[in-house]
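**Q** Take a look at this one; I'll ask things after.
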């Protein structure tokens, strides 16, 4: 079975500051890991994914994440926050099948 | 392509009523699934299907039925609505992992359901 834990249900940053959203995983098989973003009253959109290969993955809108097996982590970062980044972010995992298991989400607030 | 479409966008039911949430996709995806989203709980898998005629239960299936008679459609039925089913429901679809690589899941815009 696989699971993910997102640390911090709410994160607040200033515009221009570093964004760091934390995700730790548990998996008995090599995991596939994902970050999704949900803007208010919308569905989920894939930001980036790690399946195999390069452990630093780049996604849309300037976000990136690094798969660290030794730390069982897949934290999401962006060097400089923009007001348009305000949204809810979900980390998700699968053990290789189609079924995704989601974390509980982190609401990102960007302040002027 | 319209992608994944869901109807209705909003629905209010009384306890005990039944209804069907519709989901359709035009991408010829084998895999389709239903999730519910509740505050502080993320998305939880209700039911999924790996192809027409094949469905299976997810993490929270009680009170919901599904069927998959065509590749395109995957309706979710609430048999006797309860206040605990007040939630936002998302449908998603993707190509099957049987194709040999992970394929992105595409999500619909959601149905916001309130049960009084």
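**Q** Could you compute the FRET efficiency for residue B:84 and residue A:28, with r as their C-beta to C-beta distance and R0 at 30 Å, rounded to 0.05?
**A** Once the sixth-power term is evaluated, E becomes 0.45.
**Q** Can you tell me how much longer the chain between residue B:5 and residue B:56 gets when fully stretched, taken as 0.36 nm per residue apart minus their C-alpha distance, in nm with one decimal?
**A** 16.2 nm
**Q** Nearest 0.05, what FRET efficiency do residue A:41 and residue A:69 give at R0 = 45 Å with Cβ-Cβ as r?
**A** About 0.80, to the nearest 0.05.
**Q** Let me ask another. Hey, any idea what Rg/Rh is for the stretch B:1-110, computing Rh the Kirkwood way over Cα pairs?
**A** Over the Cα atoms of the stretch B:1-110, Rg/Rh equals 0.96.
**Q** Running a GNM on chain A with Cα contacts under 10 Å, which residue among A:14, A:73, A:28 ends up with the highest mean-square fluctuation?
**A** In the Gaussian network model the winner is A:28.
**Q** While we're here: Tell me, rounded to the nearest percent, the portion of alpha carbon pairs in the stretch B:24-88 spaced more than 16 Å apart.
**A** For the stretch B:24-88, the share of Cα pairs beyond 16 Å comes to 46 percent.
**Q** Now, a different point. For chain B, calculate the relative contact order in percent as a whole number, restricting contacts to Cα pairs under 8 Å that are 6 or more residues apart.
**A** The normalised contact order for chain B reaches 35 percent.
**Q** So how many Å³ per residue does the convex hull of the Cα atoms of chain A work out to?
**A** It is 94 Å³ per residue.
**Q** Between residue B:26 and residue A:83, what is the FRET efficiency for a Förster distance of 45 Å, r being their Cβ-Cβ separation, to the nearest 0.05?
**A** That gives a FRET efficiency of 0.85.
**Q** Here's something else I'd like to know. Just need the relative contact order of the stretch B:51-114 here, percent rounded to a whole number, with Cα pairs under 8 Å and 6+ apart.
**A** 25
**Q** For chain A, calculate the relative contact order in percent as a whole number, restricting contacts to Cα pairs under 8 Å that are 6 or more residues apart.
**A** 38
None of the figures in this text is laboratory data; all of them are computed from the coordinates on show. These numbers were taken from a predicted model, which means no experiment stands behind them. Glycine also receives a Cβ, built like all others from the backbone with ideal geometry; neighbour counts cover every protein chain displayed.
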